[in-house]
Amino acid sequence: MKRNKRIEREQGDVNTTVNRREYWKRNLKGESKRWFDEDKKYFLHQSLSTPVLNVLSRAQGVYIEDLTGKKYIDMHGNGVHNAGFNNPAVVEAVKKQLEEHMTFCPRRYTNIPAIELARKLAEITPGGLCRSLFCPGGSEAIEMALMLAKQVTGRFKTISFWDSFHGAGPAAASVGGEEHFSGGFGPMVPGAFHVEFPNYYRNPWGFTSEEDVDAECLRQIELVLKRAPEMAAIIGEPISATPVVPSRRYWQGVKELCEHYGALLIFDEIIEGFGRTGKLFACEHFVTPDILVLGKSLGGGLLPFAGIVTHERYNVCQHRSVGHYTHEKNALCSAAALAEIGYILEHKLHEHAAELGGYTMKRLTDLKDKHPLIGHVAGLGLHIGIDLVSDPQTKARAVDEAEVIMFKCLEKGLSAKTIEGNVLTLRPALVITREEMDRAIDIIDEAIGEVEAGKKY
Ligand SMILES: Cc1ncc(COP(=O)(O)O)c(C=O)c1O
């Protein structure tokens with residue numbers, strides 16, 4: 001099989017590098033090594049997961065812990081940990097639901113937790129979104145959103161963004177913009193067009209103003225809408241995973257184009273929903289979509305659960321099924337979701353994310369003066385990325401350095417993931433304190449300093 005460094009690292013750090021082997025050699029001993037080998041023996045290997053980094057024994061609050069008892073502040077959590085790993089309120093709600101013997105709900109019936117969850121989402125999502133449909137995972141939820149958009153519009157084409165990830169299922173991977181999930185799989189779902197996400201730091205046209213980048217990106221979208229008419233939907237994350245935070249003007253422009261050309265706007269907030277960006281939903285920074293897709297933390301960090309929320313006017317599929325999933329109204333998952341949402345609202349975790357995110361951005365931006373490797377810091381709330389460059393002028397991606405920094409951070413007690421090879425991403429549980437964030441930033445500062453001083457891994 002042909003290997004391509006850039007492609008492999010689109011979504012995250014990979015398990016095929018020399019540094020990864022060195023990490024295993026240094027960190028996996030005794031029990032850890034034994035279980036690591038068992039995992040490696042029985043799971044199907046994939047570059048982003050198996051062989052794994054290490055074996056965990058606990059995940060609690062902001063931390064994960066390995067078999068040796070070493071704790072790491074987790075800056076990734078796959079996005080499920082907004083209220084913290086194993087949040088006691090969520091655990092309690094799940095236990096209570098189990099004791100009530102109403103967990104799985106056979107299709108054609110409903111149950112109170114599922115109804116309460118749909119009602120809660122209608123109350124807390126913006127702009128009149130009020131109709132929900134649930135399923136086990138984010139990829140399926142994305143596919144339900146696409147199916148609904150196709151039914152509503154009677155069209156099938158979509159526009160989405162290069163470098164985006166919307167899930168591993170075939171329709172989700174078709175709108176995703178990473179070759180990692182579509183290359184070598186034969187024909188994907190037809191009609192999936194892709195355009196550039198507005199990236200102000202790394203735009204390919206050399207523009208220096210955000211207005212120019214927005215105008216060019218909107219021009220590209222309009223070109224596709226004109227040349228490939230009959231578009232069903234435009235789908236994207238409000239803020240890219242890297243993250244790149246577009247202007248409100250940009251998303252307003254996209255929404256206007258959608259309205260003009262009769263396409264629906266779908267926002268994937270599987271990562272960005274539930275307080276991550278400093279508002280309860282990321283779309284509140286921009287515009288209300290036609291369909292909002294939620295997942296990850298919707299399951300309370302304990303259970304797999306995802307779904308879509310849309311407007312009353314799109315409740316038009318009585319004669320079809322757009323998401324016929326066995327766990328559509330799972331009471332246990334709904335109880336976890338209600339507890340997670342309740343916790344976020346009660347503790348105003350979205351406001352905490354806004355405040356601590358602002359502080360973190362300031363500290364990291366200050367570090368930029370000290371570290372030439374830091375090319376750019378971007379983010380909103382507790383969704384932050386550090387773009388590491390080997391040359392600040394050319395903005396050449398410091399892929400090798402980023403990997404060494406990541407492993408150094410790990411050994412110092414901070415687990416963070418790289419994306420696109422060189423961007424260190426910070427997405428902690430929203431219950432993280434300022435002291436814990438300071439510790440995390442100190443570790444990053446130290447690790448970058450060591451790499452700049454020429455220390456190898
Ligand atoms: C933005 C985004 N959309 C969709 C998905 C797919 O979710 P799931 O893994 O639950 O299918 C992910 C998962 O990482 C994601 O980050």
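Throughout, read-outs are computed from the coordinates displayed, never taken from laboratory work. As the structure is a prediction and not an experimental result, all values here were calculated from the model. Reconstructed Cβ throughout: ideal geometry from the backbone, glycine too, with neighbour counts over all protein chains shown.
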With +1 on the Cβ of every Lys and Arg and -1 on the Cβ of every Asp and Glu, and nothing else charged, how large is the dipole of the chain about its Cα centre, in debye rounded to the nearest 20?
1020 debye
How about region 47-155: which GluC sites (Glu not before Pro) there lie in a loop by DSSP and see at most 14 other Cβ atoms within 10 Å?
GLU100
Quick one: grab the alpha carbon gyration tensor of region 193-290, order the square roots of its eigenvalues as a ≥ b ≥ c, and give me rounded if a/c is under 1.5, else prolate or oblate depending on whether a/b is larger than b/c.
oblate
Using DSSP to define loop residues, name the trypsin sites (Lys or Arg not before Pro) in region 307-379 whose beta-carbon has at most 13 other beta-carbon atoms within 10 Å.
ARG320
Hey, what does the equivalent ellipsoid look like for region 88-346, semi-axes from the Cα gyration tensor as sqrt of 5 times each eigenvalue, largest first, whole Å?
32, 20, 16
What is the dipole size for region 88-346, taken about its Cα centre, with +1 at each Lys and Arg Cβ and -1 at each Asp and Glu Cβ, in debye to the nearest 20?
740 debye
Value of [θ]222 nm, deg cm²/dmol, for the chain, DSSP H segments ≥ 4, -39500 (n - 2.57) each, nearest 500
-12500 deg cm²/dmol
Fewest-first sequence of GLU340, GLU269, GLU446 by Cβ atoms within 10 Å of each Cβ:
GLU446, GLU269, GLU340
Determine the shape class of the chain: with a ≥ b ≥ c the square roots of the Cα gyration tensor eigenvalues, call it rounded for a/c under 1.5, and otherwise prolate if a/b is greater than b/c, oblate otherwise.
oblate
Among GLY84, PRO51, LEU426 the positive-end extreme of the charge dipole of the chain (Cβ point charges):
PRO51
For the ARG58, THR16 Cβ pair and Förster radius 25 Å, calculated FRET efficiency rounded to 0.05 is 0.35
Among 380-386, 75-81, what's the highest-first ranking by average C-beta atoms within 10 angstrom per residue?
380-386, 75-81
If you add up the charges near PHE193, with Lys and Arg at +1 and Asp and Glu at -1, over every other residue whose beta carbon is less than 11 angstrom from its beta carbon, what do you get?
+2
Residues of region 332-346 with the amide nitrogen closer than 12 Å to a label point 7 Å from the Cα of GLU99, along Cα-to-Cβ, please.
none
Give me the base-10 log of I(q)/I(0) for region 239-326 at each q in 0.24, 0.25 Å⁻¹, Debye formula, one uniform scatterer per Cα, rounded to two decimals.
-1.28, -1.33
Given a cut-off of 27 Å, name the pairs among LYS33/LYS395; LYS362/LYS395; LYS370/LYS412; LYS95/LYS348; LYS33/LYS71 whose C-alpha atoms lie farther apart than that in the structure shown.
LYS33/LYS395
For region 292-408, what percent of Cα pairs sit more than 22 Å apart?
58 percent
Using all C-alpha to C-alpha distances in region 63-178, build P(r) with 5 Å bins and read off the rounded percent in each one.
2, 8, 11, 14, 19, 17, 14, 9, 5, 1, 0, 0
Find the relative contact order for the chain and round it to a whole percent, using C-alpha pairs within less than 8 Å whose residues are 6+ positions apart.
22 percent
